[in-house]
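The values are calculated or read from the model by the stated rules, or taken from the named source; none is laboratory data. For clarity, every value in this text was computed on a predicted model and none was experimentally measured. Glycine also receives a Cβ, built like all others from the backbone with ideal geometry; neighbour counts cover every protein chain displayed. Surface accessibility is based on the protein's heavy atoms, side chains included, excluding ligands, DNA and RNA. Shrake-Rupley method; radii C 1.70, N 1.55, O 1.52, S 1.80 Å.
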Amino acid sequence: MADIEMKDVNFSYQKGRQVLYDINISVERGKSTGLIGANGAGKSTLLKLLVGLINGYKGTIEVLGQPVEKKNLTDIRKKVGYVFCDSESQLFMSTVYEDVAFGVRNYGYSEEIVQKKVMEALHKVNIENLKDRQIYRMSGGQKKLASIATILSMEPEIVLFDEPTIALDPKNRRNLIGVLNGMSETKIIASHDLDMILDTCEETILLSEGKLICKGKTEDILKNKELLEEHDMELPLCMQDRRGK
Amino acid sequence: MVKLNRAIKDIHITDNADDGKKGVHPISWLLVTIVYIIAVVSFSKYNIIGLAGMVLYILIQCIWYEISVTGMIKRIWPVFLFTVLLGIANPFFDRTVSAGVLSMATLVLKGIFCVAASYILVVQTGIRQICYALHIMRLPKEIVTVLLLMHRYLIVLLKELERMQLAYKLRAPGHRGLHFRTWGSFVGLLLLRSMDRAGEVYESMKLRGFNGTFQMFSGKYSHIGSIVYLIVWGAAILTMRLFPIFKMAEVAIWQILR
Ligand SMILES: Nc1ncnc2c1ncn2[C@@H]1O[C@H](COP(=O)(O)OP(=O)(O)OP(=O)(O)O)[C@@H](O)[C@H]1O
Ligand SMILES: [Mg+2]
C-alpha cells in the first residue's frame with residue numbers, strides 16, 4: 001500500500017484561480033520522491049495539502065491510509081513531518097534543544113524520553129554540538145539542520161521538504177544531502193536544486209502550472225532536456241557539464 | 001538598527017535557557033517578587049527612609065546572581081522618567097513644597113524598585129518559567145498560552161522590522177530614519193508581513209502537535225532550596241518592611257562610635 005495517495009486532486013486558493021489540476025500521485029513506503037517545477041508550479045501547495053495546512057481541495061488525498069480530513073489531522077501530523085522552506089518559521093523556541101523538544105513534549109512523553117529523542121535527532125543531523133545554542137545566533141545552514149532535527153525528533157513516517165537546500169553553502173548542502181540519504185522515512189522533496197534531487201530521489205514528479213506533467217525515474221526526467229525546457233527549467237548542472245565536454 | 005538588534009537580543013534573554021539551572025522553583029521567585037512589590041507599594045508616601053531600605057533586596061539579588069547593574073539601569077531608566085513625570089506636580093499640590101518633594105521621591109523610588117524587581121525576575125527565570133509558575137498558580141491555561149504567544153509574536157515582529165529597515169536603509173542611504181511619506185506603507189507592510197510570518201510559525205507549531213496549550217516543562221528544581229528561598233526572602237522582606245534598616249544601622253553606628 002502506498003504511503004501517500006492523491007486521486008484527481010483539484011485545488012484553488014481563490015475562486016476562479018485554480019492552482020492544482022487533476023493531480024494523481026502515489027508514493028511508496030520508504031521511497032524518496034523529488035517534486036520539481038518552475039516558480040508558482042504548485043509544489044508548496046501540494047505539500048501543504050498533504051498535512052492539511054490548507055484545505056478545501058476536491059478529490060481524495062490519503063496519507064498512511066487515512067483521508068486528509070479535519071478529524072484525522074492530529075493523527076496524520078503525528079506521523080508526517082513538514083520542513084518549511086524558511087527555517088525562521090520552523091524554529092520559534094529559544095535554543096536548539098528547546099525547539100527540538102517542543103514537538104516531543106506535545107505528545108506527552110516523560111522528560112527522560114524527550115531528552116533521548118532530542119539527542120538522537122540532533123545526532124542524525126550532526127549538530128549535537130549546537131544543542132544549547134541560541135537560535136538567533138545561528139547561520140542559515142545551521143538553522144536548516146536544526147529545523148530538520150525538530151521534525152526527526154518526532155520520529156515521523158513521512159517527511160516533506162520544501163526547498164531544503166535553499167541558501168545553503170556547498171559544504172552544508174553536501175552535508176544535508178548526506179542526511180537526506182541516511183533517512184529511511186518516506187520523503188517528498190520539493191526543490192529547484194535538480195542536482196540535489198538527482199542525488200537523493202529515486203523518483204521525480206514534474207509539475208507545471210498546476211498540472212502533473214510526468215512522473216518517473218529521476219534520471220529519465222532530469223536527463224530530458226526538451227521536457228525540462230518546455231516547462232521552464234534547465235538540466236541539472238552536472239549534466240550540463242557533461243554535455244559541454 | 002543597533003537598537004533594534006539589542007531589543008531582539010533582550011527579548012531572547014527573557015526566554016533564556018537556564019530553565020531550572022538555579023534550582024529554585026519559579027513559583028518561589030514569583031512569590032518573592034510579588035511579596036516584595038506589595039511591601040514596596042505599601043509604604044506611606046512620606047516614609048522615604050523605610051522605603052530606601054528596600055533597595056537591599058535589589059542589591060543582594062544583583063550581587064548574588066551577578067546581574068549587571070548598569071545593564072539593568074539602562075533598561076529601566078525610562079521608568080524613572082515616567083515616574084518623575086507622574087510626580088512632577090506633587091511639590092505644588094502637597095501640604096508643603098518639601099512634603100511634595102518627599103512624596104515625589106517616594107513615588108519615583110517605588111516605581112524603580114518594582115520594575116527592578118520584575119526585571120530581576122524575568123532575567124533570572126525567563127518568560128517560560130514565569131508562565132509555568134502562573135500555570136501552577138491556576139491562572140487559566142488560555143491566558144498563559146496567550147502570554148507566551150504574545151512573547152513569540154513580539155520576536156517575529158521585531159525581526160521583520162529589522163529586515164524591512166535594513167532593506168529601506170540600503171536603498172535610501174543618507175536618510176535618517178524613515179521618510180514620513182513611507183510610514184503608511186511601511187507600517188502596513190510590517191503588519192502584513194509579521195502576520196504572515198506569525199501564521200507560518202503557528203502552522204509549524206500545529207504540525208508539531210501544538211493543540212492550544214504549551215506543554216509546561218518543569219526543570220529539575222530543588223524543593224528544599226525553593227522553600228528555603230521563599231522563607232528566607234519572605235522573612236527578609238518583611239523585616240525590611242517593618243524596620244527602617246538604614247535608620248537602625250545609623251543608630252547602631254553612632255552607638256559604636258560613642
Ligand atoms: N496563500 C495563497 N493565496 C493565494 N494564492 C496563492 C497562495 N499561495 C500560493 N498561491 C498561488 O498558487 C500558485 C502555486 O504556488 P506555490 O507556492 O505552490 O508554488 P511553488 O511551486 O511552491 O513555487 P516556488 O518554486 O516559487 O516556491 C502560485 O500561482 C501562487 O501565486
Ligand atoms: Mg514553494
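Here's the yes/no breakdown for (1) assigned to a loop (DSSP other than H, G, I, E, B); (2) open to solvent by 20 Å² or more (accessible area, probe 1.4 Å):
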position	(1), (2)
A:Gly52	yes, no
A:Gly56	yes, yes
A:Ile61	no, no
A:Ile76	no, no
A:Gly81	no, no
Over region B:1-54, the set of residues at pLDDT 70 or above, closer than 18 Å to A:Ser94 by Cβ, touching a helix residue (DSSP H, G or I) at 6+ places or on another chain (Cβ under 6 Å) and not hydrophobic (A, V, I, L, M, F, W, C) is B:Pro26
Return the pairs, sorted by first residue and then second, in which the second residue is among the aromatic types (Phe, Trp, Tyr) and within 16 Å of ligand 2 (Cβ to nearest atom), the first residue lies in region A:19-34 and is within 14 Å of chain B (Cβ to nearest Cβ) and at positive phi, the beta carbons are less than 8 Å apart, and the residues are 6+ apart or on different chains.
-> none
Looking at B:Ile136, B:Ile155, which one is of a type in the set (Val, Ile, Thr) and open to solvent by 60 Å² or more (accessible area, probe 1.4 Å)?
-> B:Ile136
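Basic (Lys, Arg) and touching a residue at least 12 places away in the same chain (Cβ under 8 Å), is that true of B:Lys141?
On the way: basic (Lys, Arg): yes; touching a residue at least 12 places away in the same chain (Cβ under 8 Å): yes.
Criteria met by B:Lys141.
Would you point out which residue out of A:Ile205, A:Ile148 is among the β-branched types (Val, Ile, Thr), within 16 Å of ligand 2 (Cβ to nearest atom) and either in contact (Cβ under 8 Å) with a residue 40 or more places away in the chain or part of a strand (DSSP E or B) (or both)? Before the answer, list the steps.
Values: A:Ile148 fails: within 16 Å of ligand 2 (Cβ to nearest atom).
Just one listed residue meets the conditions, A:Ile205.
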Quick one: would you say B:Thr145 is out of contact with any helix residue (DSSP H, G or I) (no Cβ under 7 Å at 6 or more places or on another chain) and within 14 Å of another protein chain (Cβ to nearest Cβ)?
-> yes
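Quick check on this structure: which one of A:Ser139, A:Ser110 is under 20 Å from A:Val83 (Cβ atoms) and polar (S, T, N, Q)?
Every option except A:Ser139 fails the conditions.
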If you go through region B:228-238 one residue at a time, do you hit one that is modelled with pLDDT of 80 or more, in contact with a Lys or Arg (Cβ under 6 Å, 6 or more places away or on another chain) and hydrophobic (A, V, I, L, M, F, W, C)?
-> no
Cβ pairs under 9 Å, 6+ apart or interchain, first in region A:161-185 and free of Cβ contacts under 8 Å to residues at least 60 places away in the same chain, second within 16 Å of ligand 2 (Cβ to nearest atom) and open to solvent by 60 Å² or more (accessible area, probe 1.4 Å), ordered by first then second residue, are A:Thr165/A:His192
If you take the residues of region A:109-137 that are outside any helix (DSSP H, G or I) and closer than 20 Å to A:Ile177 by Cα, which of them is farthest from the other protein chains (Cβ to nearest Cβ)?
-> A:Asn126
Which ones in region A:21-63 are in contact with a helix residue (DSSP H, G or I) (Cβ under 8 Å, 6 or more places away or on another chain) and within 8 Å of ligand 1 (Cβ to nearest atom)?
-> A:Gly37, A:Ile54
